[in-house]
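Novice: Sharing a structure here in C-alpha cells format.
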Amino acid sequence: MINQSLLDPQSIVIVGASNDIQKPGGKILKNIIDGHFQNEIFVVNHKETSVQGLPCLASVDELDEADLAIISIPARFCPQVVRTLASEKKTRAFIILSAGFAEACEEGKAWEKEITDTVNSVNGCLIGPNCIGVLTANYNGVFTSPTPPLDPEGCDLISSSGATAVFLMEAGISLGIKFSSVFSVGNSAQVGVEEVLEYMDLNHDPETDSTIKLLYLESLADPQKLLRHASSLIRKGVRIAAIKAGSTEAGSRAAASHTGALTNSDMVVRALFRKAGIVYCSSREELLSVASVFNYKELTGKNIAVITHAGGSAVMLTDSLSAGGLNVPAIEGPHAEELLSHLHPGSSVSNPIDFLATGTAEQLGIIIDYCEQKFDFIDAMVVVFGSPGLFDVANVYDVLSVKLEACSKPIYPVLPSVINAQHEIHDFMATGHVNFPDEVVLGRALVAIYNTPAPQTVCASEHVIDRERIRKVIDSAAEGFLSPRQVAALLDGAGISRVSEQIIESLADIDSFDKSLGFPVVLKAIGPVHKTDVGGVILNVHSKRGMKRHFKELMQIEGATAVLVQPMIAGRELFIGVQRESNFGHLVLCGLGGIFIEVLNDFSSCLTPVGREEAMEMIQSLKGYQVIQGIRGKEGVDQQSFSEIIQRISSLVTVAPEIVEMDINPLMGSMSGIVAVDTRVRIRA
C-alpha cells in the first residue's frame, strides 16, 4: 500500500527509459529531470548505453538498489522485472505505466495478479498498471503534460483514468485551480482511489495537507472504505467532490419489487456520497466548478446577492440558484435606497443588483461593502463583471481582488470576457484567485455544495428489535420470497405494526373466518409476485358469501396457493423498500404510495445504517412532502412514526443481511399511526 518509497523515494529506476520523449518511458524521465528530482535516477534499456544524458543499464540485474521503480515495457516482461526488483533490489514501490493487463485479456489478468502477489509479499506499493503515474511534491512521476507546479494549498486529484486526470489538470489550470498532488491508479490492481484516500486520512496533517480532494472513479471495489475515510477527512475540515463514471445504467434487476425496478447504480452511488458528505458531480466541468467554489470562503447560508452589469447573466444565474433551493432575496428599505444613490441613474438594487455597463470599480466596491456590512441577511455574493470592450476593466478586477480577501462573506467572481478582458483575467488569477467563466455552471456548483449534507454519524439504534426472532425466521427459510407467516414474524420482530390478517386455504376456512377482522375486507392471492397485475387483489368484500365467490376466482390465477384476508384500512398510502447492493450494503427507499411511486417516481433513498436525522431528511426531501404534512384540509401522516419504521427496517436488514429485496407497499398512515398492509421479502445467502 501507499508508502514513503512511493511518496518520497531516495532513488528511482525507470525501466524502459527512452531518448524518445514521445514515448512514455522517455517523457516520464524528462519530466522527472525537469522537475529537479534531488535524489538518484537510474535508467534501464537494453538497447541504449545512455538515455537523456544518464548512463544506461542493460537490465535491472545490474542495479544495486532502488526505492521506486517506474516501468514502461511490454506487459509480458513486467512480472519477472517486478520479481527481481522486489526480491533482490529492495524496491518497495512500483508504478507500472504499461497497458495489456487485466483490461486487455485473460493472460494479462494473470500477469497482473502475479505482479500484485509479488508486491504484496514484500509489503510494497503498486500503482497501476495502465496508468500515467503520480505527481508529488518530490518528483514529477507522470509521462503526460502539463505537469503543473504543485502547491500544498491546491487540490489533491485521485483518478481511475489517466487521460481524465490530464483533462482535469488542463482545464483546471486555465481556471486558476492549483494542484497539490495527482494520483492516477489505472487498473487499481493493489491501490485504488479508496486506498489513496485511506492513506490521506490516516496520515492527515491539518497544517500542511491540502483541504480539497477531487476524485474520479470508474469502479468502487470497497465502498465502505471510501465512506469511512471520506467521512473522516470531511470531519477534519477537508472538502471532497467526486465523479463516479458508468453509474447511470440500471443494474441487472429481476424487477420483482418496486424497489428493484426503481433502483440503479447511480442512485446507490449518490446515496453513498450523500452519507459521506461528498459532493456528487456528473462531469469534469462540474467537478472543477465545485473545486473552484471550494477555493473560496465557505457558503454558510442560502441568501445570495447577485451583483452584475449584465442583466441576462443575472437572470440565468438567479434561475439556476432558485431551482436548487438557494435564494436571491429582495433587497429593499433605507439601506437599499442609500446604496442606489451611489449608482448611475437606471441602476437597480432590488437583487440582482444591476449597476449597468457603465458601472465603475468604485461603485462595485460600494455595493460589496453594503452587502458585507449593512445587508445582514445576505450570506454570499456573486459578482458577474465582463467587458463590452469599451474600457479597461483592470481596476474593477483589482477592487474585486481586494474585497475577496477583506470580506468575511464569500464572493464568487464570474469573469466571462475571456477575449476582451483576457489580460485582466490573467492578472486576476495570477494573484491566486479562481475564475468562473459561466454563471449557470457556478450556480449549479453552489447548489450541489449547499445541498450536500455533512457526514452522517449513526449511533446504535434507539429502537429495540427482537434479533433472536428475526434470525430464527431467516435461518429456517429457504431462498426466495418468504411466506406471509414468515413476513409477519419478521415485521413483529422488527416492531413494525401490521394489519391483522388471516390466510384462507379452502372454502371451509371461510366458515371459521375471524369476525374480529370485520367487514369490508380485501382478498389477495398468495403466490403471484405482482398480484395487481394478474387481478389478484379484490377490495371491499362485505360478506362471507362474497368471500367464497371471490376465493374461487382468485384460486384460478396461475401460481395461487391460498388467499390472504385483511380488513380495509383507510389512510394515506406510503412506501418503504429495501434493495441489497452488492458490496455497498442495503439501500432503503421511502416515498408516498400510489401514483407518487408508480408514475411520479417521487422517492428518496439512503444507505444503511439509517439514523433518525437521515430518516427525517428522507421524508422531508420528497416532492410530495406537503401531503405528509397535511394539505387542503386533509389529514397528514405521523412523521415520527414514519421515520421510526424507516430506522427499524434499517435495523432489520442489518440483523438479516440475507434480505435482498423488501417492499412494504403500501403502508397506511395517518396522524394516529402507520401500519404495514402489503409486504414482500426475498432472501438470498
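The values are calculated or read from the model by the stated rules, or taken from the named source; none is laboratory data. All of these numbers come straight from a predicted model, not from anything done at the bench. All Cβ positions, glycine included, derive from the backbone under ideal geometry; neighbour counts span all protein chains shown.
Novice: Could you please let me know if residue 23 is charged (D, E, K, R), within 30 Å of residue 200 (Cα to Cα) and touching a Phe, Trp or Tyr at 6+ places or on another chain (Cβ under 9 Å)?
Specialist: Spelling it out, it is not the case that residue 23 is charged (D, E, K, R), within 30 Å of residue 200 (Cα to Cα) and touching a Phe, Trp or Tyr at 6+ places or on another chain (Cβ under 9 Å).
Novice: Output yes when any residue across the stretch 73-90 is modelled with pLDDT of 95 or more, assigned to a strand (DSSP E or B) and either surrounded by 15 or more Cβ atoms within 10 Å (Cβ to Cβ) or not assigned by TED's automatic domain parsing to the domain that holds residue 182 (or both), and no when none is.
Specialist: There is no residue in the stretch 73-90 that is modelled with pLDDT of 95 or more, assigned to a strand (DSSP E or B) and either surrounded by 15 or more Cβ atoms within 10 Å (Cβ to Cβ) or not assigned by TED's automatic domain parsing to the domain that holds residue 182 (or both).
Novice: Restricting the stretch 600-619 to residues that are outside any helix (DSSP H, G or I) and in contact with a Ser or Thr (Cβ under 6 Å, 6 or more places away or on another chain), which is farthest from residue 463 (Cα to Cα)?
Specialist: In this case the residue turns out to be 604.
Novice: Still on this structure, I have one more. What tally of residues in the stretch 219-268 results from selecting those that are part of a loop (DSSP other than H, G, I, E, B), hydrophobic (A, V, I, L, M, F, W, C) and modelled with pLDDT of 95 or more?
Specialist: 1
Novice: In this structure, does residue 362 turn out to be assigned to a helix (DSSP H, G or I) and more than 32 Å from the chain's Cα centre (by Cα)?
Specialist: Taking the combined requirement at face value, the residue satisfies it.
Novice: Return the residues of the stretch 195-208 that are surrounded by fewer than 24 Cβ atoms within 10 Å (Cβ to Cβ) and in contact with a helix residue (DSSP H, G or I) (Cβ under 6 Å, 6 or more places away or on another chain); say none if nothing qualifies.
Specialist: 198, 201 - these are the residues of the stretch 195-208 that are surrounded by fewer than 24 Cβ atoms within 10 Å (Cβ to Cβ) and in contact with a helix residue (DSSP H, G or I) (Cβ under 6 Å, 6 or more places away or on another chain).
Novice: Residues to consider are 524, 548; find the one that is among the charged types (D, E, K, R), touching a residue at least 40 places away in the same chain (Cβ under 8 Å), surrounded by fewer than 19 Cβ atoms within 10 Å (Cβ to Cβ) and outside the structural domain of residue 596 (by TED's automatic domain parsing).
Specialist: It is 548.
Novice: To continue, here is another question. How many of the residues in the stretch 217-240 are of a type outside the set (A, V, I, L, M), surrounded by fewer than 23 Cβ atoms within 10 Å (Cβ to Cβ) and within 15 Å of residue 157 (Cβ to Cβ)?
Specialist: Summing the residues that are of a type outside the set (A, V, I, L, M), surrounded by fewer than 23 Cβ atoms within 10 Å (Cβ to Cβ) and within 15 Å of residue 157 (Cβ to Cβ) in the stretch 217-240 gives 1.
Novice: Under 9 Å between Cβ atoms, at least 6 apart or on separate chains: pull out the pairs that start in the stretch 599-621 with a residue that is assigned by TED's automatic domain parsing to the domain that holds residue 643 and end on any residue that is aromatic (Phe, Trp, Tyr) and surrounded by 24 or more Cβ atoms within 10 Å (Cβ to Cβ).
Specialist: 618/603
Novice: Which one of the conditions (1) within 25 Å of residue 527 (Cβ to Cβ); (2) touching a residue at least 40 places away in the same chain (Cβ under 8 Å); (3) small (Gly, Ala, Ser); (4) surrounded by 15 or more Cβ atoms within 10 Å (Cβ to Cβ) does residue 495 fail to meet, given that it meets all the rest?
Specialist: Only one criterion is unmet by residue 495, namely (1).
Novice: May I pose another question? What pairs come out if I take residues in the stretch 301-325 that are touching a residue at least 12 places away in the same chain (Cβ under 8 Å) and pair them with residues that are surrounded by 21 or more Cβ atoms within 10 Å (Cβ to Cβ) and of a type in the set (Gly, Ala, Ser) whose C-beta lies under 6 Å away, six or more apart or interchain?
Specialist: What qualifies is 304/380; 306/314; 308/314; 317/443; 320/443; 321/443.
Novice: How about the stretch 116-144: which of its residues are touching a strand residue (DSSP E or B) at 6+ places or on another chain (Cβ under 7 Å) and more than 20 Å from residue 179 (Cα to Cα)?
Specialist: 116, 119, 124, 125, 126, 128, 129, listed by residue number.
Novice: Which number in (1) part of a loop (DSSP other than H, G, I, E, B); (2) among the basic types (Lys, Arg); (3) crowded, with 21+ Cβ neighbours inside 10 Å marks the one condition that residue 648 misses?
Specialist: Every listed condition holds for residue 648 apart from (1).
Novice: Could you tell me which residue of the stretch 298-320 is surrounded by the fewest Cβ atoms within 10 Å (Cβ to Cβ), considering only residues that are more than 29 Å from the chain's Cα centre (by Cα) and assigned to a loop (DSSP other than H, G, I, E, B)?
Specialist: That would be 310.
Novice: Name the residues in the stretch 558-577 that are over 20 Å from residue 523 (Cβ atoms) and in contact with an Asp or Glu (Cβ under 7 Å, 6 or more places away or on another chain), would you?
Specialist: 577
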